[in-house]
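What follows is a single structure, written as structure tokens, with notes after it.
The values are calculated or read from the model by the stated rules, or taken from the named source; none is laboratory data. Since this is a predicted model, take the numbers as computed values, not measurements. Every residue, glycine as well, gets a Cβ built from its backbone with ideal geometry; the counts of neighbours run over all protein chains shown. Remember, those area values only see protein heavy atoms, side chains included, never the ligands or the DNA or RNA. Shrake-Rupley method; radii C 1.70, N 1.55, O 1.52, S 1.80 Å.
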Amino acid sequence: MSFLQQQKLTEFKSNAQRNPIVRRRSNLALKVEQQIRLAMDRTYRPTKIVWNRDSDGNQHKVEQPKRIRCWWIEHTDGSVQLTVRYGSKPLELAKGKTA
């Protein structure tokens, strides 16, 4: 009797979250966390790993800082306007108001 015939085979079901709403919420929560860190420390820059080629044509991984834009604007009178963004679009927090 072979090894495969002795085993019970079933369909594989991934535990990964495939619900797009849950994925969007977790992505937004990650971006809000990055904005909080950026507000507390203006030098904060998360990093990403990219492939670069050197002059000989060899590829190697390099850690590079991500570009993060602030979601807030500080006015001269001391007030702050905060806009929550999803992608490049501001989210509407109240009817007709995004900040």
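Which of the peptides 5-13, 60-68, 32-40 is most tightly packed, and how do the rest follow, judged by the mean count of other Cβ atoms within 10 Å per residue?
The packing order, highest mean first, is 32-40, 60-68, 5-13.
Pairs of alpha-carbon atoms within less than 8 angstrom and 6+ residues apart define the contacts here; what relative contact order does the chain have, in percent?
13
Between 0 and 90 degrees, rounded to the nearest ten: what's the tilt of helix 20-40 against the longest Cα principal axis of the chain?
That helix lies at roughly 50 degrees to the long axis.
At 1.4 Å probe size, with the rest of the protein present, what percent of the exposed accessible area of the chain is carbon and sulfur atoms? List each step's numbers first, then the result.
Numbers: 4640 of 9240 Å².
The value for the chain is 50 percent carbon and sulfur by accessible area.
Might you tell me the accessible area per residue for the chain, computed with a 1.4 Å probe and given in Å²?
Heavy-atom accessible area per residue stands at 93 Å².
Which three extents, in whole angstrom, do the alpha-carbon atoms of the chain cover along their principal axes, largest first?
Reported extents, whole Å, longest axis first: 82, 50, 22.
Is it possible to state the helix-based mean residue ellipticity at 222 nm for the chain, with each DSSP H run of 4+ residues giving -39500 (n - 2.57), the sum divided by total residues, to the nearest 500 deg cm²/dmol? What is it?
-8000 deg cm²/dmol, from helical runs alone.
Out of 25, 53, 69, any idea which swings most in a Gaussian network model of the chain, alpha carbons joined below 10 Å?
53
Expressed in nm to one decimal, what extension gain is obtained for the pair residue 84 and residue 98 from 0.36 nm per residue of sequence separation less their Cα-Cα distance? Could the numbers behind the result be given before it?
On the way: separation 14, 0.36 × 14 = 5.04 nm, distance 0.75 nm.
Going from the current span to full extension adds 4.3 nm.
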